[in-house]
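A.B. asks: My questions all concern the structure below.
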Amino acid sequence: MRRTLIVLLLLLPLAAWGKSGYKITLQIDGSRDTMMLLCFYYANNERIADTAYNDGKGYFVFEGDAELHPGLYFFTNNRNRYVEFVIYHEKPFFKFHTDDRAWTMNMSVKGSKQNEVFYNYQRASEALYREIEDRKGELDSAALATFVAQQHQRIDSLKIDFIARYPDAMICKMMASTKDIEVPTEDADGKTMSQWERYEYMMAHYFDNMPLDDDFMVRTPKAVFYQRVMDYVEKYMHGWPPDKICPLLDSLIDRSEPAKEVNKWLIYKLTDYFLQSNVMVYDEVYCHLVMRYFATGKAAEWFPPSAIDENVERATKWERLLVGREAPELILFDTTHQAYSLHHMRGDYTLLVFWSPTCGHCREIIPDVYRVFEEYLDSLDITAFAILSEPSDGTIVKWKKFIADHGMTNRKWVNLNGAEANVDWREVYDITTTPQIYLIENKTHTFVAKKLNANIFREICKSLTKKSAQ
């Protein structure tokens, strides 16, 4: 059975508004199911709201005091059959009646004008799709392709007609929300827009067709809301600088403020996305979101205080470690107890490395980073400030052996014991995992790059080498 996502906004009889909670009855003639689940969509997931059992006559009654928020819901059994319905601007005191042969096509409903229209649309669209299936055995490939194209035009016309008849309905908002915006070729003055200007326009207006201020949006199937948001940040924003990303995210989140459920999900998801990002400059986006929405108390209504404090503390540290900021001074000792200062390293650049031989990732990554370091010593004036991040007595023995085994003895790669330092470098540099690798420009002591591995480090070295040769 083809899934069709349909919802309408119509008024429920006034009597239902005086009740609280919900009572939804599903009658399925000839049902062989003993249990039925009431579920709903949420972002990229499907969640269970309630369970009901067959009374022996095909009746399943879902009843409770909790609020069922607006969105697309569905009944489903343990045989992977399901039928969708909607809750939107109506109190959920509905009665559904169908038979076991065809749940959707034979469905009738009482107490919900919205769902009456919903099933009318479902039946009309399903009939058009079924005609395609019926003709597959009758037409050759060329004729079938023509017929399929005609049917899809009829389906589009059905949607257009539906939207025209119910312009304020939720179904119309859902369908419009997935429609791509039209990007003009000329600006307001009639000047032809460049490709970049058109792209910027698309990014600024990407959500124009989506009612972000309506809570039903987060309770729609993955393709309707979740995937479009994730495409926006993962595909279309990828590679953009933070100063362009932050205003767009602020606009997206702030537009959703009237819809608490949508707003909550966007703040959480976007903050977590940029927290987990491996793009070095996207720490700045994470810090911006935390300071704007967590530190100001905007997330206090739904986010635990301890989690807010944790994120604000992390963002406060990370703001000191952003690309372009001055690296905090470090003074440590090498294997011969000679002191070295990060701010007094020779050369144009310093590679700051936090690692330990007891760390599995470090054992894989650090030798490769060292090989890239040696590869560019002749073309790039660079040194390394490599700190043992687990300076216990047993680890120091393993550290010295690892250095010797991998030939990490170039005099420009300075191996430093993290046991003694001028500051608590774990706190200052927020070293909770290893390896952590930064590149610092020595003249200004500022971060040039961070979150490095061997491949990224090589590409940066190539770029800096070309730059110095110009």
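The values are calculated or read from the model by the stated rules, or taken from the named source; none is laboratory data. All values reported here derive from a predicted model rather than from experimental measurement. As a convention, Cβ positions derive from the backbone with ideal geometry for all residues, glycine included, and neighbour counts pool all protein chains shown. Side chains are part of the model used for accessible areas, which takes the heavy atoms of the whole protein and leaves out ligands, DNA and RNA. Shrake-Rupley method; radii C 1.70, N 1.55, O 1.52, S 1.80 Å.
A.B. asks: Among the residues that make up region 148-165, is at least one of them touching a residue at least 12 places away in the same chain (Cβ under 8 Å), closer than 30 Å to ALA66 by Cα and open to solvent by 40 Å² or more (accessible area, probe 1.4 Å)?
C.D. replies: no
A.B. asks: Which one is surrounded by the fewest Cβ atoms within 10 Å (Cβ to Cβ), of the residues in region 388-398 that are touching a residue at least 24 places away in the same chain (Cβ under 8 Å) and not acidic (Asp, Glu)?
C.D. replies: So in region 388-398, the residues touching a residue at least 24 places away in the same chain (Cβ under 8 Å) come out as 388-391, 395, 398.
Narrowing further to those that are not acidic (Asp, Glu): 388-389, 391, 395, 398.
Values: LEU388: 27, SER389: 24, PRO391: 17, THR395: 20, LYS398: 15.
Among those that are touching a residue at least 24 places away in the same chain (Cβ under 8 Å) and not acidic (Asp, Glu), it is LYS398.
A.B. asks: Now for a different question. Of a type outside the set (A, V, I, L, M, F, W, C) and open to solvent by less than 50 Å² (accessible area, probe 1.4 Å) - does that describe any residue in region 180-188?
C.D. replies: Going through region 180-188, the residues of a type outside the set (A, V, I, L, M, F, W, C) turn out to be 180, 182, 184-187.
Those left that are additionally open to solvent by less than 50 Å² (accessible area, probe 1.4 Å): 184.
So far as region 180-188 goes, yes, one or more of its residues are of a type outside the set (A, V, I, L, M, F, W, C) and open to solvent by less than 50 Å² (accessible area, probe 1.4 Å).
A.B. asks: State all residues of region 105-149 that are hydroxyl-bearing (Ser, Thr, Tyr) and more than 22 Å from LYS23 (Cβ to Cβ); if no residue qualifies, say none. Spell out how you get there, then give the answer.
C.D. replies: Start the filter on region 105-149 by keeping residues that are hydroxyl-bearing (Ser, Thr, Tyr), which leaves 108, 112, 119, 121, 125, 129, 141, 146.
Correct list: TYR121, SER125, TYR129, SER141, THR146.
A.B. asks: Going by the conditions given, is LEU380 more than 26 Å from the chain's Cα centre (by Cα), of a type in the set (A, V, I, L, M, F, W, C) and not in a helix (DSSP H, G or I)? Break it down stepwise before answering.
C.D. replies: Numbers: more than 26 Å from the chain's Cα centre (by Cα): yes; of a type in the set (A, V, I, L, M, F, W, C): yes; not in a helix (DSSP H, G or I): yes.
When the stated conditions are applied, LEU380 passes them.
A.B. asks: Out of the residues in region 249-268 that are open to solvent by 30 Å² or more (accessible area, probe 1.4 Å) and closer than 14 Å to PHE294 by Cβ, state the one that is nearest to the chain's Cα centre (by Cα).
C.D. replies: Only one residue tops the list, namely TYR268.
A.B. asks: Among the residues of region 239-280, how many are at positive phi and assigned to a helix (DSSP H, G or I)?
C.D. replies: First, the residues of region 239-280 that are at positive phi: 239.
Checking which are assigned to a helix (DSSP H, G or I) leaves us with none.
Residues in region 239-280 being at positive phi and assigned to a helix (DSSP H, G or I): 0 in total.
A.B. asks: Related question: Give me the residue from region 425-455 that is open to solvent by 60 Å² or more (accessible area, probe 1.4 Å) and part of a helix (DSSP H, G or I) and, out of that set, nearest to VAL369 (Cα to Cα).
C.D. replies: So in region 425-455, the residues open to solvent by 60 Å² or more (accessible area, probe 1.4 Å) come out as 426-427, 432-433, 443-444, 455.
With part of a helix (DSSP H, G or I) added as a condition, the list becomes 426-427, 455.
On the way: ARG426: 21, GLU427: 24, ASN455: 8 Å.
In this case the residue turns out to be ASN455.
A.B. asks: Hey, among the residues in region 288-313 that are surrounded by fewer than 17 Cβ atoms within 10 Å (Cβ to Cβ) and polar (S, T, N, Q), which one's nearest to CYS246 (Cα to Cα)?
C.D. replies: So, considering only residues that are surrounded by fewer than 17 Cβ atoms within 10 Å (Cβ to Cβ) and polar (S, T, N, Q), the one nearest to CYS246 (Cα to Cα) is THR296.
A.B. asks: Only residues that are farther than 12 Å from THR178 by Cβ and out of contact with any helix residue (DSSP H, G or I) (no Cβ under 7 Å at 6 or more places or on another chain): list them for region 215-228, please. Spell out the reasoning first.
C.D. replies: Taking region 215-228 first, the residues farther than 12 Å from THR178 by Cβ are 215-216, 218-219.
Residue satisfying the conditions is ARG219 alone.
A.B. asks: Still on this structure: Out of the residues in region 319-348 that are open to solvent by 40 Å² or more (accessible area, probe 1.4 Å) and part of a strand (DSSP E or B), which is farthest from ALA404 (Cα to Cα)?
C.D. replies: GLU326
A.B. asks: Identify all residues within region 360-387 that are open to solvent by less than 20 Å² (accessible area, probe 1.4 Å), closer than 24 Å to LYS401 by Cα and not hydroxyl-bearing (Ser, Thr, Tyr); write none if there are none.
C.D. replies: Of the residues in region 360-387, the ones open to solvent by less than 20 Å² (accessible area, probe 1.4 Å) are 362, 366-367, 369-370, 372-373, 380, 382-387.
From the residues that got through so far, the ones that are closer than 24 Å to LYS401 by Cα too are 362, 366-367, 369-370, 372-373, 383-387.
Scanning region 360-387 gives CYS362, ILE366, PRO367, VAL369, VAL372, PHE373, ALA384, PHE385, ALA386, ILE387.
A.B. asks: With respect to TYR376, is the statement that it is closer than 16 Å to THR465 by Cβ, touching a strand residue (DSSP E or B) at 6+ places or on another chain (Cβ under 7 Å) and of a type in the set (Phe, Trp, Tyr) true? Steps first, answer last, please.
C.D. replies: Details: closer than 16 Å to THR465 by Cβ: yes; touching a strand residue (DSSP E or B) at 6+ places or on another chain (Cβ under 7 Å): yes; of a type in the set (Phe, Trp, Tyr): yes.
Taking the combined requirement at face value, the residue satisfies it.
A.B. asks: Please name all residue pairs, on different chains or six or more residues apart, with Cβ atoms under 7 Å, provided the first residue is in region 101-130 and is at positive phi and the second residue is at pLDDT 90 or above.
C.D. replies: Correct list of pairs: GLY111/PHE93; GLY111/PHE94; GLY111/LYS95.
A.B. asks: Being part of a loop (DSSP other than H, G, I, E, B) and over 25 Å from ALA469 (Cα atoms) narrows it down to one residue among PRO357, PRO367; which is it? Step through it out loud before you land on a result.
C.D. replies: Details: PRO367 fails: part of a loop (DSSP other than H, G, I, E, B).
On inspection, the qualifying residue turns out to be PRO357.
A.B. asks: Check whether at least one residue in region 430-439 is among the acidic types (Asp, Glu) and closer than 12 Å to THR350 by Cβ, and report yes or no. Let's see the steps before the verdict.
C.D. replies: Residues of region 430-439 that are among the acidic types (Asp, Glu), as a first pass: 430.
Subsequent filtering for residues that are closer than 12 Å to THR350 by Cβ retains none.
No.
A.B. asks: Do we find a residue being in contact with a His (Cβ under 8 Å, 6 or more places away or on another chain), closer than 29 Å to ILE87 by Cα and at pLDDT 95 or above anywhere in region 217-231? Full working, then the answer.
C.D. replies: Step one: filter region 217-231 for residues in contact with a His (Cβ under 8 Å, 6 or more places away or on another chain), giving 219.
Okay, now just the ones that are also closer than 29 Å to ILE87 by Cα, so 219.
Checking the rest, the ones that are also at pLDDT 95 or above come to 219.
Within region 217-231, one or more residues are in contact with a His (Cβ under 8 Å, 6 or more places away or on another chain), closer than 29 Å to ILE87 by Cα and at pLDDT 95 or above.
A.B. asks: Right, another one. Looking only at region 407-424, which residues are over 17 Å from LEU377 (Cα atoms), open to solvent by 80 Å² or more (accessible area, probe 1.4 Å) and not in a strand (DSSP E or B)?
C.D. replies: Answer for region 407-424, where residues must be over 17 Å from LEU377 (Cα atoms), open to solvent by 80 Å² or more (accessible area, probe 1.4 Å) and not in a strand (DSSP E or B): just ASP424.
A.B. asks: What's the number of the only condition in (1) within 24 Å of GLY71 (Cβ to Cβ); (2) open to solvent by less than 10 Å² (accessible area, probe 1.4 Å) that VAL285 fails to meet?
C.D. replies: The one condition VAL285 does not meet is (1).
A.B. asks: Kindly provide the set of residues from region 131-145 that are under 39 Å from the mean Cα position of the chain (by Cα) and either among the polar types (S, T, N, Q) or exposed (fewer than 13 other Cβ atoms within 10 Å of the Cβ) (or both), ordered by number. Show your work before the answer.
C.D. replies: Taking region 131-145 and keeping what is under 39 Å from the mean Cα position of the chain (by Cα), we get 131-133, 145.
GLU133, ALA145, listed by residue number.
A.B. asks: Among the residues of region 349-358, count how many are over 14 Å from ASN415 (Cα atoms) and open to solvent by less than 10 Å² (accessible area, probe 1.4 Å). Lay out the reasoning, then the answer.
C.D. replies: Applying the first criterion (over 14 Å from ASN415 (Cα atoms)) to region 349-358 yields 349, 358.
Of the ones still in play, those that are also open to solvent by less than 10 Å² (accessible area, probe 1.4 Å) are none.
So the count comes out to 0.
A.B. asks: Report yes if some residue within region 382-391 is of a type outside the set (Lys, Arg), at pLDDT below 95 and under 19 Å from HIS337 (Cα atoms); otherwise report no.
C.D. replies: Within region 382-391 (the criterion being of a type outside the set (Lys, Arg), at pLDDT below 95 and under 19 Å from HIS337 (Cα atoms)), the answer is yes, since at least one residue qualifies.
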